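Student: Next up is a structure, given as structure tokens.
Where a number appears in this text, it was derived from the coordinates with a stated rule and is not lab data. Since the structure is predicted, the reported quantities are computational estimates derived from the model, not experimental observations. With ideal geometry, Cβ positions are generated from the backbone for all residues, glycine too; neighbour counts draw on all protein chains shown.
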Amino acid sequence: MRLDSVGVSLGGVTVLADVSLNLGSGEGIAIVGPNGSGKTTVLRLMATLLRPAYGTGTILGADLAGVVDRSVRTSIGLITHAPALLDELTISENLIHFCRVSGRAEATVPKALSAVGMEKVTDRPAARCSFGMKRRAEIAWLLIAKPRLLLLDEARSGLDAEARILVDSLSRLTRERGGGVVAVSHEEGDLGTDLVAVHRLENGRLGQTS
Amino acid sequence: MSLWRQSTEVMRVDLVVEQRIGDTFRIVLPFAVVALMIFSLAMPAGVSDVGDVGTAVFWGVAILYGMQVALRTSMSETEQRKDIAMLLGLDPAARFLGRSIAAALLLTGFMAVLFIAMVLLFTPDLPRGWAWPTGLAILLAAAGLALLATLAGEVASGLRNRSALASLLIAPLAIPLVVGASQVLESMAGNNGILIWILLLITTDLALLVAGVGLSRPLEEASR
């Protein structure tokens, strides 16, 4: 993944300006910044959900400014700060739906839910699950999806110690497969333990690296 | 995964969600029936035969309340769900088709029950052999309204006043559907042919289908 002096405008407001980043195979980077600094926008840009206003970027070989192929998008895993499950479906039904839409084997769902400690609540509607349970379900989905680029938006915040370990494990597994990981948070202590570089983002601009 | 398989999965989930929350048949339909009742009670004393206006009132109520049924999925979609749909590789054309089919099935049932309520409330003199042409008109009008509402939902997606905007988009474009569907029974009562009205409905449905499928991918790209 590579971003070269990329800017993003939303509704005429510049949200990101001159952002440059590189992420190699098996690497993990973190971006820290206060609320409203543009962290989520960076991740949505990397997820090919936004188009740059200027600058150039490639994600898994796809040009960010062009039409992105479906195979690229299905190789990207995104955990946002609000879980994206359908409330009316059970945890298991949500994951089966994801498998069917993306063409993945739905037989992998029970094993994945078991891996995140949710084997006893698979039939519970998402609406009646806590935030932490929904987050675990998303981690289970990403264990099935095996993304080549994992994007974590405040993924560890609000979770118990066990669930935070699951997020870290997902991150490690992705890098071990040769994928890349980008995690963002407003607190440096909430980023996990194994990310190689920390970038600071303020007012849509990347600052120093540590 | 093929377009058709993705479409059927989207349709299946839409119908499962509807079955569990029951918006169409437990909330919108009773209100639509009440609206029919109000119309039947509010007829001026000068109207000699209330039954004459029953079918016109039916189509008016069916389209207005049907919009709510057909728009409900688009209006409740969050940005997170749209994001995950894109990252799952869901073809926007499959999403359009799946949602439209689910909405068409719901609207067909909704309009069928509403038609029965209209017959009970207005007791219109239905022409001989009314059943199958009316059924066909309801089916085609439901499909057209579903396609139109799904398309309007996609166009208005992400906008601040999307609910109002989608309704404003639908209202004028639903005119051929209302005219075609309402004229089926009118023509039968006057011993005129109904083919032209059925063809109008089919043509409108096909035009909306082509527009919806054709615009779905550009609309998704434009939302980035």
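Student: May I ask you to order A:130-138, B:119-127 by the average number of other C-beta atoms within 10 Å around their residues, highest value first? Intermediate results must be reported in sequence, preceding the final value.
Tutor: Numbers: A:130-138: 20.1, B:119-127: 16.1.
Per-residue mean Cβ counts within 10 Å order the peptides as A:130-138, B:119-127.
Student: Between residue B:31 and residue B:83, what FRET efficiency comes out of the Förster formula 1/(1 + (r/R0)^6) with R0 = 30 Å and r the beta carbon distance, rounded to 0.05?
Tutor: So, using R0 = 30 Å, E works out to roughly 0.35.
Student: On a C-alpha basis, how far is the centre of the stretch A:84-135 from the centre of the stretch B:11-28 in Å? Whole number, if you could?
Tutor: Cα centroid of the stretch A:84-135 versus Cα centroid of the stretch B:11-28: 20 Å apart.
Student: Can you list residues from other chains, or at least 5 along the same chain, whose modelled amide H is less than 5 Å from the amide H of residue A:207?
Tutor: Residues meeting the amide H criterion: A:200, A:201, A:202.
Student: Based on the mean of other beta carbon atoms within 10 Å per residue, what is the order of B:22-31, A:112-121, B:93-102, most packed first?
Tutor: Taking the mean over residues of other Cβ atoms within 10 Å, the ranking is B:93-102, A:112-121, B:22-31.
Student: So what are the three principal axis dimensions of the stretch B:152-224 from its Cα atoms, in whole Å, longest to shortest?
Tutor: The Cα atoms of the stretch B:152-224 stretch 53, 24, 10 Å along their principal axes.
Student: Related question: May I ask you to list, by number, the DSSP H helices of chain A whose Cα span along the axis is at least 18 Å and whose average Kyte-Doolittle hydropathy reaches 0.0 or more?
Tutor: A:131-145
Student: Taking R0 as 22 Å, what FRET efficiency do you get between residue A:205 and residue A:58 from their Cβ-Cβ distance, rounded to the nearest 0.05?
Tutor: 0.55
Student: Here's a follow-up. Looking only at A:33, A:24, A:12, which one moves most when chain A is put into a Gaussian network model with springs between Cα atoms under 10 Å?
Tutor: A:12
Student: Further question: Would you mind classifying the stretch A:9-61 by shape? Square roots of the alpha carbon gyration tensor eigenvalues, ordered a ≥ b ≥ c; an a/c under 1.5 is rounded, otherwise it is prolate if a/b is larger than b/c and oblate if not. Let's see the in-between values first.
Tutor: Values: a/c = 2.09, a/b = 1.31, b/c = 1.60.
Note, shape of the stretch A:9-61 comes out oblate.
Student: Rounded to the nearest 500, what is the protein assembly as shown's calculated 222 nm mean residue ellipticity when only DSSP H runs of at least 4 contribute -39500 (n - 2.57) each, over all residues?
Tutor: Details: 15 runs with 242 residues, N = 434.
Computed ellipticity for the protein assembly as shown at 222 nm equals -18500 deg cm²/dmol.
Student: Still on this structure, I have one more. Calculate how steeply helix B:175-189 sits against the longest principal axis of the alpha-carbon atoms of chain B, using the helix alpha-carbon long axis, and give the answer as 0 to 90 degrees to the nearest 10.
Tutor: The answer is roughly 30 degrees.
Student: Still on this structure, I have one more. What do you get for the angle between helix B:29-42 and the principal long axis of chain B? Use alpha-carbon atoms, 0 to 90 degrees, nearest ten.
Tutor: Tilt relative to chain B: about 30 degrees.
Student: If you don't mind, another one. Evaluate peptide B:86-97: per residue, the Cβ atoms of other protein chains within 10 Å of its Cβ; return the mean as an integer.
Tutor: That average works out to 5.
Student: Let me know the Kirkwood hydrodynamic radius for the stretch A:1-142, please, with Cα pairs as the basis and the value in Å to one decimal.
Tutor: So the Kirkwood estimate lands at 16.9 Å.
Student: Moving on to the next point. For a quick size check, give me the Cα extents of the stretch B:78-224 along its three principal axes, largest first, whole Å.
Tutor: The principal-axis extents, from largest down, are 54, 29, 25 Å.
Student: For residue A:65, list long-range residues whose amide hydrogen, built 1.01 Å from N in the peptide plane, is under 5 Å from its own amide hydrogen.
Tutor: The answer is A:57.
Student: Return the whole-Å distance between the Cα centroid of the stretch B:121-189 and the Cα centroid of the stretch A:139-169.
Tutor: Measuring centre to centre over Cα atoms gives 46 Å.
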